[in-house]
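Trainee: The structure follows.
The values are calculated or read from the model by the stated rules, or taken from the named source; none is laboratory data. All values derive from a computational prediction rather than experimental measurement. For neighbour counting, all protein chains shown are included, and Cβ atoms are generated from backbone atoms with ideal geometry for every residue, glycine included.
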Amino acid sequence: MKQVAWLFKWLLKAAIFFTLLAFALNNQHDATVHFFFGTRWTAPMVLVVLGAFSSGLLLGIVGMVPRWWRQRAAAQQARNDVLMVRKAAPPTAQAANALIDIPPHGL
């Protein structure tokens, strides 16, 4: 079963690769991107699409980072709170089991 899943995964990767290769080969004509003040950039269509995709990906990552940092800080704070509770008083066996069963928070 693992071999079938492995083969399917590689066939899917190959199909995506060849689809993107065909896209690149079919869009080799020049495209002109006009910027401000009469500035323009002329490049193959594939590079223009790749640049637009890359800039969108970068913008999405930059927009996601602050929220990701806040969530990591909240998870670390929750983890520290649980450790403080464990160190504060020696728990009974039942309370210790309840603290161990607390699921990870924030991720």
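Trainee: Among the residues of segment 22-54, write down those that are more than 24 Å from the chain's Cα centre (by Cα), part of a helix (DSSP H, G or I) and surrounded by 10 or more Cβ atoms within 10 Å (Cβ to Cβ). Full working, then the answer.
Mentor: Taking segment 22-54 and keeping what is more than 24 Å from the chain's Cα centre (by Cα), we get 22-45.
With the extra rule that they be part of a helix (DSSP H, G or I), the set shrinks to 22-26, 36-38, 45.
ALA22, PHE23, ALA24, ASN26, MET45, listed by residue number.
Trainee: Then there's this: Which residue is modelled with the highest pLDDT, if the candidates are limited to segment 55-107 and must be exposed (fewer than 11 other Cβ atoms within 10 Å of the Cβ), outside any helix (DSSP H, G or I) and not acidic (Asp, Glu)?
Mentor: Step by step, filter segment 55-107, then rank; the result is PRO104.
Trainee: Sort out which residues of segment 44-75 are over 18 Å from LEU20 (Cα atoms) and in contact (Cβ under 8 Å) with a residue 12 or more places away in the chain, and write them in order of number.
Mentor: Matches in segment 44-75: GLN71, ARG72, ALA74, ALA75.
Trainee: Please work out which one of (1) surrounded by 10 or more Cβ atoms within 10 Å (Cβ to Cβ); (2) in a helix (DSSP H, G or I); (3) at pLDDT below 85 is the condition ALA15 fails and give its number.
Mentor: Of the numbered conditions (1) surrounded by 10 or more Cβ atoms within 10 Å (Cβ to Cβ); (2) in a helix (DSSP H, G or I); (3) at pLDDT below 85, the odd one out for ALA15 is (3).
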